[in-house]
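The values are calculated or read from the model by the stated rules, or taken from the named source; none is laboratory data. None of the values given here were measured: they were computed from a predicted structure. All Cβ positions, even for glycine, are placed from backbone atoms using ideal geometry, and neighbour counts span all protein chains on display.
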Amino acid sequence: MSYRYRFISEHRTTYGVQRLCRVLGLRRQGFHEWVAAETARNARADAEQDLVTLISKIHAEHRGAYGVPRVTAELHRRGHAVNHKRVERLMREHGLAGITRRKRRSLTRPATHPVTSVKDLIRRDFTASALGRRFVGDITCLPTLAGWLYLATVIDLHSREVVGHAMADHMRTSLVCDAIDLAAARGLIDEDAVFHSDRGVQYTSGQFRAALAEKKIRPSIGRVGSCYDNAVAEAFFATLKAEIGTTIWRTRRQARHDVFVYLRYFNHGRLHSTVGQNTPAEARVSYGRVSAA
């Protein structure tokens with residue numbers, strides 16, 4: 001039936017709809033209904049193609065890292081009411097998928113001195129009812145042809161924002177102290193806050209304990225050999241290495257630049273499911289607004 005209606009549509013300017021319908025034994029009303037439905041189908045196809053274009057743009061803007069949940073959330077933020085199942089279908093049909101995080105290589109060197117006096121104040125509860133109260137941190141290494149570049153971070157558990165970081169060609173205790181110093185200098189750590197880490201020698205050292213005490217921050221340390229006790233910090237590094245897009249940099253300077261760019265993107269541009277598919281910076285700003293209200 002459709003091919004006959006299509007024939008009529010292609011030749012109606014020459015012979016007229018009424019004559020063609022009579023010759024082909026079709027109702028003219030049926031042809032007009034087919035035309036109306038075809039117009040609607042074409043409109044839906046055009047709208048779907050526009051959606052595919054936008055999904056592809058969002059996927060590219062976020063380094064190919066976004067999967068279905070974050071692409072759907074970003075579409076909602078841009079005013080498009082679309083179901084995640086539709087997004088999943090379109091991404092699958094067009095070969096778009098998020099990045100799978102790699103397993104992180106541990107850098108933890110357990111302390112040889114006793115640290116029994118430091119308790120685990122987090123106990124795998126990676127939530128915080130307010131900003132500036134509970135933090136986690138860790139160290140990772142980034143490979144360059146000039147040698148390793150080490151990155152230490154401080155993450156606020158309320159907003160998931162990386163509020164402090166430091167990079168160096170070594171992983172001495174001064175590296176983690178510098179990360180804490182930056183977060184404190186930005187005014188993002190309250191007194192009597194908790195900073196949680198693994199039992200690496202840097203975090204259990206007297207130098208780092210003194211740096212925390214100076215800022216009136218309470219230390220918290222997980223158990224030996226349990227990555228789950230510091231899961232948020234571990235997950236951040238896995239995400240960074242999966243999404244940053246470079247395996248080995250030529251120089252430490254290039255690696256530093258890319259990390260700076262990524263940290264800004266992570267804090268200000270990347271949606272985070274833990275904070276309601278907002279960016280960490282948005283979560284911090286919105287908390288300030290609520291507190292002031």
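Scanning segment 142-175 for residues that are surrounded by 20 or more Cβ atoms within 10 Å (Cβ to Cβ) and of a type in the set (Lys, Arg) gives a single hit, 160. Of the numbered criteria (1) in contact with a helix residue (DSSP H, G or I) (Cβ under 7 Å, 6 or more places away or on another chain); (2) under 17 Å from residue 165 (Cα atoms); (3) not aromatic (Phe, Trp, Tyr), the one residue 223 fails is (2). If the condition is being of a type outside the set (Asp, Glu) and within 21 Å of residue 210 (Cβ to Cβ), then segment 135-149 contributes 135, 136, 137, 139. Do we find that residue 9 is within 27 Å of residue 262 (Cα to Cα) and among the hydroxyl-bearing types (Ser, Thr, Tyr) in this structure? Taking the combined requirement at face value, the residue does not satisfy it.
Look through 184, 235 and report the one residue that is more than 23 Å from the chain's Cα centre (by Cα) and of a type in the set (A, V, I, L, M). None of the other options fit; the residue is 184.
Residues that are part of a loop (DSSP other than H, G, I, E, B) and buried (at least 19 other Cβ atoms within 10 Å of the Cβ) within segment 66-89 comprise just one, 66. Screening residue 40 with (1) without any contact (Cβ under 8 Å) to a residue 40 or more places away in the chain; (2) under 30 Å from residue 87 (Cα atoms); (3) of a type outside the set (Asp, Glu); (4) assigned to a loop (DSSP other than H, G, I, E, B) gives one miss only, at (4). Does residue 133 satisfy the criteria of being surrounded by fewer than 19 Cβ atoms within 10 Å (Cβ to Cβ), at pLDDT below 95 and either within 23 Å of residue 188 (Cβ to Cβ) or touching a helix residue (DSSP H, G or I) at 6+ places or on another chain (Cβ under 8 Å) (or both)? No; evaluated as a whole, the condition is false for this residue. Contact annotation: residue pairs with Cβ atoms under 9 Å, 6 or more positions apart or on different chains, pairing a residue in segment 202-216 that is within 16 Å of residue 166 (Cα to Cα) and touching a residue at least 12 places away in the same chain (Cβ under 8 Å) with a partner that is of a type in the set (Lys, Arg) and assigned to a helix (DSSP H, G or I), are 203/209.
Tallying residues that are buried (at least 16 other Cβ atoms within 10 Å of the Cβ) and within 22 Å of residue 164 (Cα to Cα) within segment 239-257 yields 9.
Within segment 117-130, the only residue that satisfies the criterion of being buried (at least 18 other Cβ atoms within 10 Å of the Cβ) and among the small types (Gly, Ala, Ser) is 128. Only residues in segment 4-26 that are within 20 Å of residue 38 (Cα to Cα) count as the first member; pair them with residues that are outside any helix (DSSP H, G or I) and hydrophobic (A, V, I, L, M, F, W, C), Cβ under 9 angstrom, at least 6 apart or cross-chain, and list the lot. If the second residue must be outside any helix (DSSP H, G or I) and hydrophobic (A, V, I, L, M, F, W, C), the pairs left are 4/26; 5/26; 8/26; 20/26; 26/1. Report yes if residue 55 is hydrophobic (A, V, I, L, M, F, W, C) and farther than 30 Å from residue 94 by Cβ, otherwise no. No, not satisfied.
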